Amino acid sequence: MNRTIRYREIPGNSRGYYIFLAFLGLLIAAGLGAAFHMEHEGHHVTGMTNQIVWGIPHVFAVFLIVAASGALNVASISSVFNKKLYKPLAPLSGLLAIALLIGGLCVLLLDLGRPDRLIVAMTYYNFKSIFAWNIFLYTGFIAIVAVYLWMLLERRFNRFAKPVGLLAFIWRLMLTTGTGSIFGFLVARQAYDAAIMAPTFIVMSFSFGLAIFNLILIGTYHGTQRALGNTIVERLRKLQGLFVAATLFFIAIYHLTNLYATEHHGIEHFLLDGDNVYTGLFWLGFILIGSILPLTVCFFSGFKQSKAWLAIASVMVIAGGFSQMYIIIIGGQAFPLELFPGYDVSSRFFDGVIASYSPSVYEIGLGLGGTAFAIAIVMVGVKILRFLPLSLENALIDPNHADNIEHKNSVAKAVLK
Amino acid sequence: MSELENKVDEYRRRFLGKSAALAATLTLAPGVILNSIASTRATNEAVSSNVRWGFLIDTNKCAAGCNECVKACNEENGLTGFDRPETDAQWIRKVTLRNKQTKHSLSLPMMCQHCEHPPCVDVCPTGASFKRADGIVLVDKHICIGCRYCMMACPYKARSFVHETLTDQVPEVPRGKGTVESCTFCVHRVDRGDIPACAEACAKTDGGAAILFGDLNDPDSTIAKRVANEPSTQVRADFRLNPGVRYQGI
């Protein structure tokens, strides 16, 4: 039997494909319209204020950027850690990584007060700023992953896939460290100012990125009616479970460290036991929906080998991850700055009070537009280039599959004769 | 002509010469002396780190209900509100403090603290946030991209983002929609030898000058003498940012 993996473009000519693309196009158009409205009117039309300066667009953007580096995991596992089973998935992993990063950056850029000054951001640098480093980390990531994809897809260059894959892997770790440090290096905010932010963002990226990857994989294989064997589904399920557990561990350590220090009791009480949306998002969103339920699906044998359950677990991980990102970004700003320790403070400028935030339809539109753009890049990408294997059935990808062992035995027998 | 007449002429010449010199001195001297008092540098001369501008704020003199500094700042810098307190720009604000244990309360003005090591300058990706040699922290409105990272980083909540289109701006204080701004120490006034508008307005109140402006580096200045001889403190001094604004009575 022929056991080589063959990559083919998806036909992409079905009605469903075009309807889905049109739907994404609609979201992208809505996002662009929202961005235009925000820039034209000024940010007062959004829910963002001088207290909550980063809103839901930043939750979308940071989530997408973090997930982008995580989406590259599957490729890293195959190229850097030499796991053959993941190799057929590497091209899709790279494409998704680039797409998510571009989507996230678009949201970030279009939310700027002056998005027209992109050229300024590209030509004026303050190298003490983590933001400035990130501009290089992001553009570098796109370039390196693009070269990596080239090495993967061009048969003559396949042998370079490993070193370039290693570079991409190291780069992605730096990228998420940079993103986490945007918050970790803010000394004055009670919820930030923690070195653990950087590694937490790295494990979150593993988890959220893989969850999005799972959905895209299951979705495209379902849509194109290509075979997706349960061996790969099973591996992804276990891997997802591992990443969810790791994320839960890092978030738990973050809170436990804060709970030990009396000076942080205020913010911990606010996040974990407050009469506010953040406490609800934490326990219901991140802990129950984002962690306990997916862990159950990923580790209990009753959910074994089920594509549907893997998809459901992935959706739950994304929902929980989004909740956690909302808590970090919005919750971290809503808690008042401690200007005068030991004093109750009040002013007309909202000193000492918990800032309120309700996202406007424009901000949500911008965030959804960026997400839709990322997915659209993947959808168009798999149609025009050979990113996806024709089949991922068990016999093709698993060297230890029964058929393959039988095949090996028969070859061995033939040789012995 | 006799010798005597010649001498009288000589005396007359000397007298006229000296009178003219005296008149010239009397005419020019006040200008020269006053100018040297009023201005430490010529307008075309670069600012120097020999100067460190700062405020000394005596909270004992700051009346709880008084808002004159805020009014003066808004007027001087053209900060017209849009009746949206959450998004309206605020460069200086009155904060009421109440000690959690003793219940003692006091009032003070908060503004950009013009730190020696400003976190806003550290985090700004384009370098739009910058510190002038004389310690004044400013935003270059031409290269600010409106990312608001400085607002996240400022421990004093001192910065505002311009949330709407602006009209009727004060020519000396250019602002821009979509950029970040904060107290400039009224740099346009300081550069011509005046004191910031808030300090000027505060001095005219019944309580007397709670806000003292001056050069912390000049040992002969009132502010330097007072901080040397009286107790004063910086807000969140534990951050070691060495703000140029010091407070008394907290």
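The values are calculated or read from the model by the stated rules, or taken from the named source; none is laboratory data. These numbers come from a predicted model, not from an experiment. When we count neighbours, we look across all protein chains shown, and the Cβ atoms used for this are built from the backbone with ideal geometry, even at glycine.
Here B:Lys225, B:Lys177 are screened, and the one residue that is surrounded by fewer than 17 Cβ atoms within 10 Å (Cβ to Cβ) and either in contact with a Leu (Cβ under 9 Å, 6 or more places away or on another chain) or of a type outside the set (Val, Ile, Thr) (or both) is B:Lys225. The set of residues in region A:183-215 being surrounded by 22 or more Cβ atoms within 10 Å (Cβ to Cβ) and more than 17 Å from A:Phe250 (Cβ to Cβ) consists of A:Leu186, A:Ile212, A:Phe213, A:Asn214.
Whenever a residue of region A:235-246 is closer than 13 Å to A:Val317 by Cα, its partners that are among the hydroxyl-bearing types (Ser, Thr, Tyr), lying with C-beta atoms within less than 7 angstrom and at least six residues away or across chains, give the pairs A:Gln240/A:Ser314; A:Phe243/A:Ser207; A:Val244/A:Ser207; A:Val244/A:Ser291. Of all the listed residues (A:Thr200, A:Thr231, A:Thr262), the sole one being out of contact with any Pro (no Cβ under 9 Å at 6 or more places or on another chain), modelled with pLDDT of 95 or more, among the polar types (S, T, N, Q) and at negative phi is A:Thr200.
So, B:Ile92, is that one crowded, with 23+ Cβ neighbours inside 10 Å, within 8 Å of chain A (Cβ to nearest Cβ) and among the β-branched types (Val, Ile, Thr) or not? I'd like the intermediate steps shown before the answer.
Details: crowded, with 23+ Cβ neighbours inside 10 Å: yes; within 8 Å of chain A (Cβ to nearest Cβ): no; among the β-branched types (Val, Ile, Thr): yes.
When the stated conditions are applied, B:Ile92 does not pass them.
Return the residue satisfying two criteria in turn: it lies in region A:349-392 and is part of a helix (DSSP H, G or I) and within 14 Å of another protein chain (Cβ to nearest Cβ), and of such residues it is surrounded by the most Cβ atoms within 10 Å (Cβ to Cβ).
Of the residues in region A:349-392, the ones part of a helix (DSSP H, G or I) are A:361-384.
After this cut, where a residue has to be within 14 Å of another protein chain (Cβ to nearest Cβ) as well, the list is A:362-363.
Values: A:Tyr362: 24, A:Glu363: 26.
The residue in question is A:Glu363.
The sole residue among A:Leu149, A:Leu118, A:Leu110 that is within 14 Å of another protein chain (Cβ to nearest Cβ) and buried (at least 20 other Cβ atoms within 10 Å of the Cβ) is A:Leu110.
Checking the structure you have, find out if any residue of region B:199-210 is free of Cβ contacts under 8 Å to residues at least 40 places away in the same chain, in the same structural domain as B:His114 (by TED's automatic domain parsing) and either among the hydroxyl-bearing types (Ser, Thr, Tyr) or closer than 29 Å to B:Met151 by Cβ (or both).
We begin by selecting, within region B:199-210, every residue free of Cβ contacts under 8 Å to residues at least 40 places away in the same chain; these are B:203.
Of the ones still in play, those that are also in the same structural domain as B:His114 (by TED's automatic domain parsing) are B:203.
With either among the hydroxyl-bearing types (Ser, Thr, Tyr) or closer than 29 Å to B:Met151 by Cβ (or both) added as a condition, the list becomes none.
Within region B:199-210 (the criterion being free of Cβ contacts under 8 Å to residues at least 40 places away in the same chain, in the same structural domain as B:His114 (by TED's automatic domain parsing) and either among the hydroxyl-bearing types (Ser, Thr, Tyr) or closer than 29 Å to B:Met151 by Cβ (or both)), the answer is no, since none of the residues qualifies.
Among the residues making up region A:258-315, those that are under 26 Å from the mean Cα position of the chain (by Cα) and of a type in the set (Ser, Thr, Tyr) are A:Tyr278, A:Thr279, A:Ser291, A:Thr296, A:Ser306, A:Ser314.
Listed conditions (1) more than 7 Å from chain A (Cβ to nearest Cβ); (2) surrounded by 23 or more Cβ atoms within 10 Å (Cβ to Cβ); (3) under 23 Å from A:Asp116 (Cβ atoms) are all met by B:Phe185, apart from (3).
Restricting attention to region A:220-241, the residues that are surrounded by fewer than 22 Cβ atoms within 10 Å (Cβ to Cβ), assigned to a helix (DSSP H, G or I) and touching a helix residue (DSSP H, G or I) at 6+ places or on another chain (Cβ under 8 Å) total 9. Scanning region A:83-142 for residues that are in contact with a Phe, Trp or Tyr (Cβ under 8 Å, 6 or more places away or on another chain) and polar (S, T, N, Q) returns A:Ser93, A:Ser129.
Quick check: is even one residue across region A:7-19 assigned to a helix (DSSP H, G or I) and under 30 Å from A:Val147 (Cα atoms)? The answer is yes; a qualifying residue exists.
Residue-wise test of (1) at pLDDT 95 or above; (2) within 14 Å of the chain's Cα centre (by Cα); (3) within 14 Å of chain B (Cβ to nearest Cβ).
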{"residue": "A:Thr176", "(1), (2), (3)": "yes, yes, no"}
{"residue": "A:Asp193", "(1), (2), (3)": "no, no, yes"}
{"residue": "A:Phe208", "(1), (2), (3)": "yes, yes, no"}
{"residue": "A:Leu236", "(1), (2), (3)": "yes, no, no"}
{"residue": "A:Gly241", "(1), (2), (3)": "yes, no, no"}
{"residue": "A:Ala252", "(1), (2), (3)": "yes, no, no"}
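Scan region A:29-70 for residues that are more than 17 Å from A:Leu109 (Cβ to Cβ), aliphatic (A, V, I, L, M) and either touching an Asp or Glu at 6+ places or on another chain (Cβ under 8 Å) or within 14 Å of another protein chain (Cβ to nearest Cβ) (or both) and the total you get is 2. The lone criterion from (1) on the phi < 0 side of the Ramachandran plot; (2) more than 9 Å from chain A (Cβ to nearest Cβ) left unmet by B:Gly78 is number (1).
For region B:95-141, which positions are free of Cβ contacts under 8 Å to residues at least 12 places away in the same chain and either of a type outside the set (A, V, I, L, M, F, W, C) or surrounded by 22 or more Cβ atoms within 10 Å (Cβ to Cβ) (or both)? Steps first, please.
Kept after step one, since they are free of Cβ contacts under 8 Å to residues at least 12 places away in the same chain, are these residues of region B:95-141: B:98-104, B:130.
Selection gives B:Arg98, B:Asn99, B:Lys100, B:Gln101, B:Thr102, B:Lys103, B:His104.
So, in region B:45-74, of the ones that are of a type in the set (Val, Ile, Thr) and in a helix (DSSP H, G or I), which residue ends up surrounded by the fewest Cβ atoms within 10 Å (Cβ to Cβ)?
Of region B:45-74, the ones of a type in the set (Val, Ile, Thr) are B:47, B:51, B:57, B:59, B:70.
Among the residues that remain, those that are also in a helix (DSSP H, G or I) are: B:59, B:70.
Details: B:Thr59: 15, B:Val70: 21.
Checked region B:45-74; the qualifying residue surrounded by the fewest Cβ atoms within 10 Å (Cβ to Cβ) is B:Thr59.
For region B:153-168, which residues satisfy the criterion of being out of contact with any helix residue (DSSP H, G or I) (no Cβ under 9 Å at 6 or more places or on another chain) and over 21 Å from B:Gln113 (Cα atoms)?
Here is the first cut: in region B:153-168, the residues out of contact with any helix residue (DSSP H, G or I) (no Cβ under 9 Å at 6 or more places or on another chain) are B:156, B:166-168.
Result: B:Leu166, B:Thr167, B:Asp168.
When B:Phe130 is tested against (1) more than 8 Å from every other protein chain (Cβ to nearest Cβ); (2) of a type in the set (Phe, Trp, Tyr); (3) over 22 Å from A:Ala121 (Cα atoms), just one condition goes unmet, and that condition is (3). Consider region B:65-75 and keep the residues that are touching a residue at least 40 places away in the same chain (Cβ under 8 Å) and within 19 Å of B:Gln169 (Cα to Cα). The one that is nearest to the other protein chains (Cβ to nearest Cβ) is B:Val70. Of the residues making up region B:240-250, those that are within 27 Å of B:Ala64 (Cβ to Cβ), in contact with a Cys (Cβ under 9 Å, 6 or more places away or on another chain) and crowded, with 17+ Cβ neighbours inside 10 Å number 3. Taking region A:286-319 as the range and being free of Cβ contacts under 8 Å to residues at least 40 places away in the same chain, under 17 Å from A:Ile212 (Cα atoms) and small (Gly, Ala, Ser) as the test, the residues that pass are A:Ala308, A:Ala319. The selection criterion, being of a type outside the set (S, T, N, Q), buried (at least 23 other Cβ atoms within 10 Å of the Cβ) and more than 16 Å from A:Val378 (Cβ to Cβ), holds for A:Val59.
Just to check your reading of the model, which residue among B:Ala158, B:Ala153 is more than 8 Å from chain A (Cβ to nearest Cβ), over 24 Å from B:Ala46 (Cβ atoms) and among the aliphatic types (A, V, I, L, M)? Write out each step before concluding.
Details: B:Ala153 fails: more than 8 Å from chain A (Cβ to nearest Cβ).
Just one listed residue meets the conditions, B:Ala158.
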